[in-house]
Each structure stands twice: as structure tokens, then as C-alpha cells.
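Here's the structure, in C-alpha cells; my notes come after.
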Amino acid sequence: MENGAISKLGVLDVGRAMQRFGIVDYVIFLLMLSMCLIVGLSFGIFGKNQNSQDYLVGGRNMKILPIAMSLIATWVSGISLLGIPTEIYVYGIQYTYIIIGFLLTTLVFGTVYLPVFQQLQLTSTYEYHQMRFDKNVRLFGSVLFAIGMVAWLPLVIYVPALAFNQVTGVNVHLTTPAVCIICVIYTSMGGLKGVVWTDVIQIFIMFGAILLVVIKGTIDVGGIGNVFRRNWESDRIEGPNFDPDPMARHTIWALVIGGGAYTLQSAGVNQNMVQRYLALPSLRESKKALWVFFFGLTAIVLLCSYCGMLIYATYYKCDPLTTKLAREKDQLLPLLVMEILGDIPGLPGLFVAGIFSAALSSLSTGLNAMAAVVLEDFYKPFFKKELSEKQTYFLMKTTVLVIGTMCVGLVFVVEKLGAVLQLAMSIGAISNGPSLGLFTMGVLFPWINAKGALIGGVSSLIFMSWLCISAQSLISSGDLTFPEKSVSTDGCHYNFIPKYLSKSMINITEVTHTDEKYMILRLSYLWYCLIGSIFAIFIAAIVSYITTPLNPEDVDAKLLAPFVRKIIQYRKNRRLDKNRNRQRSGQHNNGDVHLHPMEETNIYALDDCKIRN
């Protein structure tokens, strides 16, 4: 018998006893799904989706609050609701400092990128690439988005199914098709307005479920003081890690800079999010929605982080991962829910409804965004035949159906790949890095040409595919592990076979794989998106220099960040002033002008550049 086990009750018996998902819970869960379906169908049947613009961007006249709530619901998927508590339980609160990165992202996106998108009034974000570069870069940017969606959406579906499996025992492969069918129906019927208003419903359910767990769980462990004391004693509560080592999994530098870059792509220039900003009538409204999104996102991260501390405070004497009471790390929060809410009919159902709400909002947004990209970027630039409104609707609805079906099939792959929070950010960086690089070089580096942008983006995609997949394969195989906080099983009251043989559960102090050929694979996953972006820009700059860069003055100012426009205009005005002064000086000296060689270079630096499309 394992130390601390004081009864003949086995871990399987305890697990089954905790699966108390009753009729009331099922009713509440099904009621949430029915509400989403009804809202989507009502917009499809009675709404005013008169054309593709209504369907994709809500006629560009929506209100700030529902858009802001939709932004929160879109970004906060079940991956966050289950993944962040798991992260805090296993590794401590270090991840919470990513909130500083969110603030940095909000400032940068609102100042640099959003004014450009809002002024251009795009339907697909990737139309920007054709305006700034050419249609080949636009196609490549759209392909990157499609790759990212196909990699991300199966995770979005899998996570709530995992929670449902923990509380009911129902197989994830029975849950995912049913939920996906409902989402496909209301997304294809309701368009953006249907998606946004279902998001509003879902965000209330989401916040309600998390608050319910926080309040009841805190009471059960004896108050907030016990929660913090137990986490403090286990070293889970700690200040920012200022270690400059990029191999360290979480440091303040990786979280703020690397995490900020990831958030800039996923919550900023991503089609999912920009499509919502552009549903608002002006830049002023878009910026207000952006700040509401920041504060809502901060609240969610803090609540989920506290849930992670609450899990440890509840199981600090009997780690459910070691005992295998929770078969997967991301089942820890559902396990806690059944521990503290299982005896109250309806509350487990409300929690599962909250997790599925988060997933459905992200899934519906992704499907709606894919419909926009397929229509605007894959069909219109390459087919001359103009579609009727009926044919347009058919194409968009077919896209939603096909992508939804693909995602259900890919769940079989996702369940083999490990903890979802790190997995989502790691695999997402394959496309996110190059994509962020393309937008950044477009708005900030006006001399980069189309050939440079395309070669830089493709090179980054190849490099990031190797880096992310290789690193994830090492993590999945156990050859690359990271320090985990201490756990105990001294207080367990049931029999179990300890999970000591699993490398991922060993409490180590350093990364275990030190072979030099894997050094780059040991980089913190938080740096991946930034690395991919910088790699793309670096290659693009070199290729542009070799093939003759663009003249910044000849790039449409609307395609550049506001401060870049001012710099170019300032340099242009300064050059014109110097030319006038030179002409006046030449008149006084009988036309003979003599300038210092360096001054002459500065005056004509921009003029020497040629344009090559």
C-alpha cells in the first residue's frame, strides 16, 4: 500500500465516485448549446445579412461593448481556462506576469497596426499584403492563416471534451463531433453578428463558471489566506524571474517580450481579431474596444491563475497527477470542480457549459474568419467570375463545414501531444511568427519589396516548422523536460500506483536534455513567435537590398504606421529645404554648388533608391 493510503478504496473507485454529472447538469449544459444555436439561427433567418459585408463584418456598424466582449471570448478559449490553472499548479505563478506583455501589446497594436487596418477598411486582413507588396505575398499570408487555424482549432475542440470526459466519463471522440456540428450550424447561418452575440452570451457563462469555482473552492479550503499560504510554502508564489538565459522556460523577458509578440499576433493582427475591430465604424471605437479587451483579458488570466493556486491548496497533500486521479494535466480544474461542486446539482453542468462556451466562441470565430479568407483571398484574386449573393453564401457556408469537419478529425492527433497551453503557443508559432513578420515589415520597413517579403516569409515558415515540431517531439517523448514545483502524496486516502516512472513528474531543477545539438530546441517556447518574425524580417531586408529596395516616399502612406509616415514626410521636407537652400546658394555663387561628401550622401540617399515590383 502506498504511504498515506488508509483505505482499500482504489483511485479508479474515487474517480468514478466523482463523476456525478446528473440530469440537472445535462439540462444546463444542453440549454447553453441550445441558446447558441437559437441565436445563430435567428440571425440567419430573421437577421439582415443582405450581403457578404453584413455576413463577414456586420455591416461595419456594430457597438463597442459586444465587439469587446466578443474579442475576449474569441481569445480566451478552453485552452486558457484549463491550461492556465494547470500551468500555475505545475510550474508556479511565473506565467501570470505575461499580463505585462498584454499591456505592451495593447499599446503597440493600438498605435502601430490598428490605425492602418481601420483606415483601409479591409474585409480580409491579408488584402493588406497585396496593397503593400503583391498578390503572391497576399496568398502566402492567407495560407499562413489557414495553417494556423487548422493547427489551433482542433485544440479548441479537444480541451472542453477533455473536461467533459473528466466529469462524465464520456469519450472525447463522442463529444467533439456533436459540439462541432452545433457550432458549424450557428456560425454558417448567423454570420459575424450571430457569432458576436453568441460570444456575448458565452462570456457571461464563462465568467460565471470561473467565479463559482473561485468562491466555493476558497471557502472549502478555509479562506484565501490558506490558498496563499500553501502556495507560498511550496514556492509557487514567486517574484519575476530576471534570469537572462533564453533557455529558461519562463522569465520576465520571455513573458513580456516573447509573450507580447505572441499576443500581438494572436490577439492583434490575426484575422480573427481584426475582423471584429473592423466591424466598428471608426478608429476611436476600435481603440476603446481594444482597451476593454485588455482589461477583460487581464481579469480572466488572474482568475485562472488563482484557480491554479486553488487546485494546489486543495490537493497539496495528495497530488492527483501522481496518483493518476487526473489522467491528463489539463483535467486538473475539472477534477477540482467535481471535488467542490459535485454534490450540488447543476453547478458542474454550469462549469462545463462555461468551458464549452469558451471553446465555441473561439471555434465559431475561427470558422467565420476562414470563410472571409477563402472568399477574399483564395477566390476573388484568382477567379474572374463574380459570384452572386447566393453563390457567395454557399461558398462561405461550405468553408465552415469543411474546416469544422477537418478539425474534428485532427483531434485524434492533438490528444497525443501534451499539455495544451504550451502546445497551442508552440505549434501556433509555426505560422504566427512568419505572419507577424509580414505585417511588421509592411508597416515599419517601407524599403522592403515584394520579393524580399515573400522569400523572408517562406524561409521563416520552413525554419519555424523545424524548430517547433522538433522541440515539441522532444517534449512529447520526455527527452526535454523543465523544472516542476514539488508535490506530495502523504495525505492520500486511497490506493494508487505512483506515476514515478514518468519523466514529466520528476521534480528537477534544470532542463534535463543538455546535448549541444539540441541547444536551440531548448529555447523557451515564448520566444518562438518573436524569433519567427525577426527571422522573416531579416531575410526580407537582405533580399530587398540585393534586389534593389523600394523608395519609402513611393509607398502609399496609408500602408505605413502613423509614426513611420511622419518620419518619411520629415525627411522629405528636410531634403526639399536643403535643395532650395542649395539652389539659392548656387545662384549666389554663379551656380557652382560645393557640398561636403557626407552631406551630399544624406541629401540624395532616398533618391538613389529604385522601385522594383
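Quick note: the coordinates plus some simple rules give every number you see, no bench work behind them. Given the structure is predicted, the values throughout are model-derived calculations rather than measurements. Methodologically, a virtual Cβ is constructed for each residue, glycine included, from the backbone with ideal geometry; neighbour enumeration extends over all protein chains shown.
The table for this structure:
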| read-out | value |
| --- | --- |
| Gyration tensor verdict on region 64-137 (Cα atoms; rounded if a/c is under 1.5, prolate if a/b is larger than b/c, oblate otherwise) | prolate |
| Positive-pole candidate from A358, N136, F109, dipole of region 22-413, charges at beta carbon | N136 |
| Segment T111-T298, extension gain: residue separation times 0.36 nm, minus the distance between their alpha carbons | 65.3 nm |
| Neighbour-count ranking [beta-carbon atoms within 10 angstrom, fewest first] of W75, W197 | W197, W75 |
| Extension reserve of the A178-T405 stretch, reckoned as 0.36 nm per residue once the Cα distance is removed | 80.6 nm |
| Given charges at beta-carbon only (K, R positive; D, E negative), |dipole| of region 22-413 in Debye | 920 |
| Added length on full extension, which subtracts the Cα-Cα distance from 0.36 nm per residue, D220 to K558 | 116.0 nm |
| Footprinting exposure proxy for I99, I355, I469 (fewest neighbouring C-beta atoms within 10 Å first) | I469, I99, I355 |
| Prolate/oblate/rounded label for region 212-370 (Cα gyration tensor, a/c 1.5) | oblate |
